[in-house]
Amino acid sequence: MKYVLNFREVTYALSEALDYVGIDDTMHGKRVGYMSAEVAKRLGWSSERIDRILLIGMLHDCGVSSTDVHHHLVSELDWDNSQTHCIRGASLLKKVPFYTDYTDVILYHHTHWDELSSSLPLETKEEANLIYLTDRVDALRVQLGSTTLQEKANVRATIQKYAGEMFAPELVDAFVEVSLADSFWYYLEIESLEGYYDEWINLTEPSDVLFDDLKSVAMMFADVVDAKSPFTSKHTYGVAALARHLSGLYGLSERQQERIELAAFFHDLGKLRVADAILHKAGPLNEEERSQMNRHGFDSNMILRKIKGFHEIAQIASMHHETLDAKGYPYHLHGDQIPTEARILAIADIFQALVQDRPYRMGMSAEAALGVLDSMRDDLKLDGSIVEIVRQNLESCYRWAIVSENV
Ligand SMILES: [Fe+2]
Ligand SMILES: [Fe+2]
Ligand SMILES: [Fe+2]
């Protein structure tokens with residue numbers, strides 16, 4: 001089915017999830033997109049290319065899922081292993097029709113200008129190098145500061161030092177020119193940056209987007225989430241497959257089934273904000289850690305609600321840890337406030353987690369997992385009618401829950 005969406009808005013909102021990780025500061029991707037677009041304007045690039053570089057800027061670090069990737073600097077501008085996230089990011093974008101054209105730019109966004117292969121098209125080289133340059137400007141802002149005139153001059157001088165080697169000389173010149181304007185730096189502040197993107201988003205009207213295209217975007221972000229925790233690889237894919245299967249068996253409309261599937265792909269988006277130390281902890285979490293972990297459904301909502309047309313999807317996703325006895329989180333909703341879609345997603349999430357193999361334990365059998373659902377139903381936490389559907393279709397539910405493990 002079709003969805004009416006502003007695709008600039010979709011990318012903007014989802015890139016917020018990426019901004020939760022990587023660099024200490026939030027909105028790194030948006031600053032890189034903005035700075036690249038301003039340099040591109042100075043260079044006289046076409047408006048299509050300026051749009052493109054804004055989108056690439058927002059997505060450029062999609063290959064980073066762990067908060068410590070950016071921490072091993074080997075010089076003032078380079079760090080060990082920077083290629084890993086470029087390769088990963090490129091392979092994620094390649095699978096998404098909307099973003100597949102950005103693959104090479106992302107792949108080379110940490111390659112020195114004098115090392116870029118001569119066989120690459122000039123446009124790709126320029127775009128990759130522009131992202132590299134503004135990405136490093138953003139890192140230098142943290143290292144050197146960018147508040148005083150002297151600090152800004154230091155950032156410019158460091159970039160100029162590497163002209164011809166790390167960065168294309170024409171790009172460096174254009175950056176130096178645009179960054180002489182005071183406003184260039186003011187736009188890097190959160191409120192001004194949001195205003196800058198708002199204007200850009202509102203320049204386009206919403207248009208028809210096909211479910212399958214939207215699903216490929218959702219799958220990419222699910223990959224980013226699953227990569228953050230080594231314990232849960234492919235969890236999200238299994239939850240989405242099972243939730244869709246259950247919603248069909250429940251007799252929901254196709255539109256509702258699609259909504260549940262999308263909500264399932266997005267349900268743990270907010271986990272990108274949870275510190276690695278908590279997500280990777282082998283033992284049980286203490287009370288404080290648990291409360292930080294438990295806010296992820298809320299953060300998934302905060303990201304998704306920014307997309308007009310995504311209201312229900314945001315709600316369903318954010319309620320996946322609510323239980324009918326009002327002891328779930330983050331909202332502590334009562335049963336009558338939890339829609340069927342969210343009840344289905346909650347059961348799919350629990351069942352998948354139980355049957356999935358984890359590095360520290362084998363997955364449960366389908367029967368044992370059903371036993372856990374039964375006891376949670378007896379405690380008035382889960383919807384008995386959905387647990388019944390799982391019982392009557394146990395074999396297929398199990399297959400859908402683990403199907404993605406082999407993908
Ligand atoms: Fe990067
Ligand atoms: Fe970056
Ligand atoms: Fe969750």
Test result for T236, farther than 20 Å from M58 by Cβ and buried (at least 22 other Cβ atoms within 10 Å of the Cβ): yes
Would you point out which residue out of A348, A368, A326 is surrounded by 14 or more Cβ atoms within 10 Å (Cβ to Cβ), in contact (Cβ under 8 Å) with a residue 12 or more places away in the chain and assigned by TED's automatic domain parsing to the domain that holds R290? A348
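Quick check: anything in region 179-195 closer than 25 Å to L122 by Cα and assigned by TED's automatic domain parsing to the domain that holds I53?
At the first step, the residues of region 179-195 found to be closer than 25 Å to L122 by Cα are 179.
Subsequent filtering for residues that are assigned by TED's automatic domain parsing to the domain that holds I53 retains 179.
Yes, some residue in region 179-195 is closer than 25 Å to L122 by Cα and assigned by TED's automatic domain parsing to the domain that holds I53.
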Looking at R31, R49, can you tell me which residue is in a helix (DSSP H, G or I) and surrounded by fewer than 20 Cβ atoms within 10 Å (Cβ to Cβ)? R49
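Yes or no, residue by residue, for (1) within 16 Å of ligand 3 (Cβ to nearest atom); (2) crowded, with 19+ Cβ neighbours inside 10 Å; (3) within 20 Å of the chain's Cα centre (by Cα):
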position	(1), (2), (3)
F310	no, yes, yes
L354	yes, no, no
D357	no, no, no
S375	no, no, no
D383	no, yes, no
Being modelled with pLDDT of 95 or more and surrounded by fewer than 18 Cβ atoms within 10 Å (Cβ to Cβ) is the filter; apply it to region 388-407 and report the residue that is nearest to H267 (Cα to Cα). R399
Could you check how many residues of region 303-354 are in contact with a Gly (Cβ under 8 Å, 6 or more places away or on another chain), in a helix (DSSP H, G or I) and farther than 21 Å from W400 by Cβ? 2
Here the residues within region 251-298 that are without any contact (Cβ under 8 Å) to a residue 60 or more places away in the chain, assigned to a loop (DSSP other than H, G, I, E, B) and surrounded by 12 or more Cβ atoms within 10 Å (Cβ to Cβ) are D268, V274, H280, K281, L285, N294, R295
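Does F221 qualify as being modelled with pLDDT of 95 or more and under 14 Å from the mean Cα position of the chain (by Cα)?
Criteria not met by F221.
The values are calculated or read from the model by the stated rules, or taken from the named source; none is laboratory data. Predicted, not measured: the structure shown is a model, and the values here were computed from it. Here Cβ is always computed from backbone atoms with ideal geometry, including for glycine, and neighbour counts include all displayed protein chains.
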